[in-house]
């Protein structure tokens, strides 16, 4: 069993600052201190009154989690408050007073939402906030709240019960109307917090840049996230493939997830966040924070100035490619050598019928034309599992992740794959591109054979497979007798190698891309690639980690594909290390007994 | 109390756009109007939540009620609205 990181035990080791090759210094770790507010550098004005930590005092010292968004930041911590817990009902209060209090809270919520709607720059976000403000002021909701108060409920319970009643009623109607039930949850949380004097649930707005700390972040929490004021993300839970991690990379924010004790850092405390090593350090002062920000800005400048193809310090080339969902994801300011993963699902989602040949040709051609003469790797439809498609008419499966997904869909519906390959081939002819195509969820040599035959029959010359199934990784050499390349999808490969659901927050440690067992599978594929003289790419989140990317290169991976904001940090990390250094890092990581030690040992090697 | 019984004519029922048009019209009346479905409890007609929660489908019979000066005119106007297929009418802002 890997040691679970359950207890908030701060370690006393600090990571070297970028550019500081002195190795690990030993900082005076202050341990799990329980002295709230005695740090003179914490402004008590904002730290007071909002400390709703579940147990114990604020955590100080150095916390360690998983670094999932590279870069460093420093600032004051503000927590995302969760839904307010409902206290035990209070009976016998003055119904008139409770009624007024409940209505006041709802009115406050409505005007707050209205103000946010007016301030939102995104019209879609503004419309959603405005609709929510109408719900908070809805006459039917107010009538129900009044009725509850008249029946003797206290204000908080009157609001809670009214929202719950409408929530159930909307769910009972079903369809699109049921989707509005979530709005009522948000109104309920805000209004109950208002009644109880608790912090407003949601992203805090302290009026200056801050480090956002949360238990975990859901897409709904971060829809209106102002990237101008959030310096970094730190979450108590969540894993390397969690929404927080994906969001952080998309926004280019430093982020640490699965960080025990994070939610017990005192509100307003100055912290430094290292999204590469996963370290969150309290007890820093404003001056040190300023210094960290200065260095982070210098790092960003250096990265912005760097460009060109990916290579190690001694010139060993490593292709840096983009993961995209459509041509809309191609941003002109990001310099990449091509597309390493073109997910084609977007064409198929929310469809009652499969998209037609012409529509597909147009979508593929748009991407091919964006990289004239460059590499574009198209992944054929990856349906099933968490991406069910209505037109496939697949029944419910007890175990969708282990069911008919990816290439397996072609067993029952080969026409969908054939039409897609026809469209890719036609788009290639139209644009003069020579696309690479690969199938998701290949498990056996026979499946690879079948896919390769279909693709080559259409004149597609570069045919490969995603490696997500451990059985396929173990047969990489035989697959490469039929295929031209392999691309490792490390997120699914982790899920299947460790028998741990990607969405399961409590198993995040098993899904850590630094797991030596996963790296061993990568190593097997890279070895087979070297022997065959064929390219081996990584297109999972692992490729976007600037500390892990050199390890992958050291293992023999020839290309790394990632979302756009990760390209510059990865290019930078490779440029600082020789190929020999990468190979050393790879040995170090493979030798480690667990991901945390692997990460620490490689970080301790330092660059160059 | 003055009442009107009316059958929902909109093809999609009293949901989405028809519901919104109805609620807006109800709010614009000078008197409070309530609506109920069958033997259910009456709810404020100017409440989007309550009207959506009725789940009144195409062909369902609803009862509108109001009291006071202008009640009959308000009921006539709203009953007229519900007896039209609002889905078939072009959205003015479309």
*asked:* Give me the residue from the stretch A:186-197 that is in contact with a helix residue (DSSP H, G or I) (Cβ under 7 Å, 6 or more places away or on another chain) and surrounded by fewer than 22 Cβ atoms within 10 Å (Cβ to Cβ) and, out of that set, nearest to the other protein chains (Cβ to nearest Cβ).
replied: A:186
_Some residue of the stretch B:21-29 being surrounded by fewer than 17 Cβ atoms within 10 Å (Cβ to Cβ) and either more than 10 Å from chain A (Cβ to nearest Cβ) or over 12 Å from the mean Cα position of the chain (by Cα) (or both)_ = yes
*If you go through the stretch A:166-176 one residue at a time, do you hit one that is in contact with a helix residue (DSSP H, G or I) (Cβ under 8 Å, 6 or more places away or on another chain), touching a residue at least 24 places away in the same chain (Cβ under 8 Å), under 22 Å from residue A:102 (Cα atoms) and in a helix (DSSP H, G or I)?*
yes
*Residues of the stretch B:36-82 satisfying the condition of being within 14 Å of residue B:14 (Cβ to Cβ), assigned to a helix (DSSP H, G or I), in contact with a strand residue (DSSP E or B) (Cβ under 8 Å, 6 or more places away or on another chain) and away from every other protein chain (no Cβ under 11 Å)*: B:78, B:79, B:82
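Conditions (1) more than 26 Å from the chain's Cα centre (by Cα); (2) closer than 23 Å to residue A:603 by Cα; (3) in a helix (DSSP H, G or I), marked per residue:
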position: A:292; (1), (2), (3): no, yes, yes
position: A:296; (1), (2), (3): no, yes, yes
position: A:299; (1), (2), (3): no, yes, yes
position: A:314; (1), (2), (3): yes, yes, no
position: A:321; (1), (2), (3): no, no, no
position: A:349; (1), (2), (3): no, no, no
position: A:360; (1), (2), (3): yes, no, yes
position: A:365; (1), (2), (3): yes, no, yes
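Mind listing whichever residues of the stretch A:130-156 are assigned to a helix (DSSP H, G or I), more than 14 Å from every other protein chain (Cβ to nearest Cβ) and surrounded by 19 or more Cβ atoms within 10 Å (Cβ to Cβ)?
First pass over the stretch A:130-156, keeping only residues assigned to a helix (DSSP H, G or I): A:130-136, A:139-150, A:155-156.
If we keep only those that are more than 14 Å from every other protein chain (Cβ to nearest Cβ) too, we end up with A:148-150, A:155-156.
Answer for the stretch A:130-156, where residues must be assigned to a helix (DSSP H, G or I), more than 14 Å from every other protein chain (Cβ to nearest Cβ) and surrounded by 19 or more Cβ atoms within 10 Å (Cβ to Cβ): A:148, A:149, A:155, A:156.
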_Subset of the stretch A:110-129 [within 14 Å of chain B (Cβ to nearest Cβ) and surrounded by 15 or more Cβ atoms within 10 Å (Cβ to Cβ)]_ = A:110
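Tell me the residue from A:543, A:531 that is at negative phi and surrounded by 24 or more Cβ atoms within 10 Å (Cβ to Cβ), please. Working first, answer last.
Details: A:531 fails: surrounded by 24 or more Cβ atoms within 10 Å (Cβ to Cβ).
Of A:543, A:531, the one residue that is at negative phi and surrounded by 24 or more Cβ atoms within 10 Å (Cβ to Cβ) is A:543.
Got a sec? Which of A:517, A:537 is assigned to a helix (DSSP H, G or I), in the same structural domain as residue A:325 (by TED's automatic domain parsing) and either surrounded by fewer than 22 Cβ atoms within 10 Å (Cβ to Cβ) or at pLDDT 95 or above (or both)? If you could, list the steps in order and put the result at the bottom.
On the way: A:537 fails: assigned to a helix (DSSP H, G or I).
Selected residue: A:517, the only one of A:517, A:537 that is assigned to a helix (DSSP H, G or I), in the same structural domain as residue A:325 (by TED's automatic domain parsing) and either surrounded by fewer than 22 Cβ atoms within 10 Å (Cβ to Cβ) or at pLDDT 95 or above (or both).
The values are calculated or read from the model by the stated rules, or taken from the named source; none is laboratory data. Keep in mind that this is a model prediction, so the values were computed, not measured. Here the Cβ is made from the backbone with ideal geometry for all residues, glycine too, and neighbour counts use every protein chain on show.
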